[in-house]
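Asks: Here you go, one structure.
The values are calculated or read from the model by the stated rules, or taken from the named source; none is laboratory data. Please read these numbers as outputs of a predicted model, since none were measured by experiment. Because the Cβ atoms are built from the backbone with ideal geometry, glycine has one as well, and the counts that use them run over all protein chains shown. Ligands, DNA and RNA are stripped out before the accessible areas are found, and what is left, the full protein with its side chains, is counted by its heavy atoms. Shrake-Rupley method; radii C 1.70, N 1.55, O 1.52, S 1.80 Å.
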Amino acid sequence: MPYATIHGRSLFYALHQEGEPGHPPLMLVHGAGGSHLHWPAQLRRLPGRTVYALDLPGHGRSEGEGERSIASYAEVLEALLDALALPQAVIGGHSMGGAIALHLALTRPERVAGLVLIGTGARLRVLPAILEGIQTDFLATVDLITRMAWSPDAPKPLVQRGGEITAQTPPTVLLGDFTACNAFDVMDRLDQIQAPTLVVGGTADRLTPLKYARYLEAHIPNARLVTIEGGGHMMMLEQPQAVAQAVADFLAGLDAGELAPS
Ligand code: COA
């Protein structure tokens, strides 16, 4: 099992090695209370591409306390790129992971060959019921988050498993994640992003509504939007083929040099 030591802590990452030389790998970053298991096999094992999917500190199999700001998580991500000797990667982020990807693209543009932003936004204010509930009634709040995170059409076993992953996250780590999201706001800075960007938004996403995805597409200079019809916040697990196809098409365009800024 692959682990890297980052800031003295053991960090887990899943690795699928099938890349062609010269093509930047895809680094997948999960959202609040998630782990690499929030990425479906169709994305973690994208044909012809080296794909990393990390567990952020305090999540999944990674050690640590978790962080309380997007900037701190982005530092961990950059340190992982260093540890893996990756000068550049396409950063794919879901929800909080998208915020981490956006932050890295703004602060370390030379490390970001492209962005894949799934179910996320340039500002991620969090319902007070979530922020307070994590501290007062953890399991009921995990239930609330889970109910909001999935489309009504999502298969029940998938929703149940998703809730279990969130419930396994220590409450302090989950609170740190949502605190980090709540303070995140780069709405006025998106025009500085140079990386070619794919935005994927679900029409039934209740945690990061499609409006957020449209805003990203409208304000990032080199962005395109793929809409997942009926997709909830966990659209990549609900409709893995559609999301993986969108990512594969984007990466093919990137490899072919078709997405360079005009
Ligand atoms: N992209 C585009 N527009 C955004 C945005 C984004 N990322 N974030 C906020 N906005 C818009 C809102 O739609 C709103 O527009 P409006 O005034 O036309 O209605 C405005 O900016 C202000 O919104 P917000 O900053 O979110 O403050 P608020 O006090 O209106 O709402 C919440 C606060 C928490 C109720 C709201 O953000 C929400 O429902 N969030 C989704 C649920 C959640 O907790 N998600 C977790 C994300 S990790």
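Asks: For the stretch 155-237, which helices (runs of 4 or more DSSP H) that fit wholly inside it have 3 or more residues that are at pLDDT 95 or above and more than 18 Å from Val29 (Cβ to Cβ)?
Replies: Numbers: elements: 156-168, 171-183, 210-219.
Qualifying helices (runs of 4 or more DSSP H): 171-183, 210-219.
Asks: For the subset of the stretch 196-220 comprising residues that are small (Gly, Ala, Ser) and open to solvent by less than 10 Å² (accessible area, probe 1.4 Å), which member is nearest to the ligand (Cβ to nearest atom)?
Replies: Filtering the stretch 196-220 for residues small (Gly, Ala, Ser) gives 201-202, 204, 213, 218.
From the residues that got through so far, the ones that are open to solvent by less than 10 Å² (accessible area, probe 1.4 Å) too are 201-202, 213.
Numbers: Gly201: 11, Gly202: 13, Ala213: 8 Å.
Among those that are small (Gly, Ala, Ser) and open to solvent by less than 10 Å² (accessible area, probe 1.4 Å), it is Ala213.
Asks: Also: Say whether the condition of being in contact with a His (Cβ under 7 Å, 6 or more places away or on another chain), assigned to a helix (DSSP H, G or I) and among the β-branched types (Val, Ile, Thr) is met by at least one residue in the stretch 132-140.
Replies: The answer is no; no qualifying residue exists.
Asks: All but one of (1) within 16 Å of the ligand (Cβ to nearest atom); (2) in a strand (DSSP E or B) hold for Ile91; state the number of the condition that does not hold.
Replies: That leaves (1) as the condition not met.
Asks: If you check Ala223, Ala183, Ala256, which single one turns out to be open to solvent by 50 Å² or more (accessible area, probe 1.4 Å), closer than 25 Å to Glu110 by Cβ and not polar (S, T, N, Q)? Even if it seems obvious, please write down each step before you answer.
Replies: Numbers: Ala223 fails: open to solvent by 50 Å² or more (accessible area, probe 1.4 Å); Ala183 fails: closer than 25 Å to Glu110 by Cβ.
Checking each option against the conditions leaves just Ala256.
Asks: Here's something else I'd like to know. For residues that are crowded, with 22+ Cβ neighbours inside 10 Å and without any contact (Cβ under 8 Å) to a residue 60 or more places away in the chain, scanning just the stretch 61-76, find the one that is farthest from Val159 (Cα to Cα).
Replies: Here the residue is Ala74.
Asks: Enumerate the pairs (first residue in the stretch 201-223 and more than 15 Å from Ala242 (Cβ to Cβ); second residue anywhere and within 11 Å of the ligand (Cβ to nearest atom) and of a type in the set (Ser, Thr, Tyr)) with beta-carbon separation below 9 Å, excluding pairs fewer than 6 apart on the same chain, so at least 6 apart or on different chains.
Replies: Leu207/Ser95; Thr208/Ser95; Thr208/Thr120; Tyr212/Thr120; Leu216/Thr120
Asks: Oh, and also: Restricting the search to the stretch 21-41, which residues are open to solvent by 60 Å² or more (accessible area, probe 1.4 Å) and in contact with a helix residue (DSSP H, G or I) (Cβ under 8 Å, 6 or more places away or on another chain)? Break it down stepwise before answering.
Replies: Pass one, the stretch 21-41, residues open to solvent by 60 Å² or more (accessible area, probe 1.4 Å): 21-23, 37.
His23, Leu37, listed by residue number.
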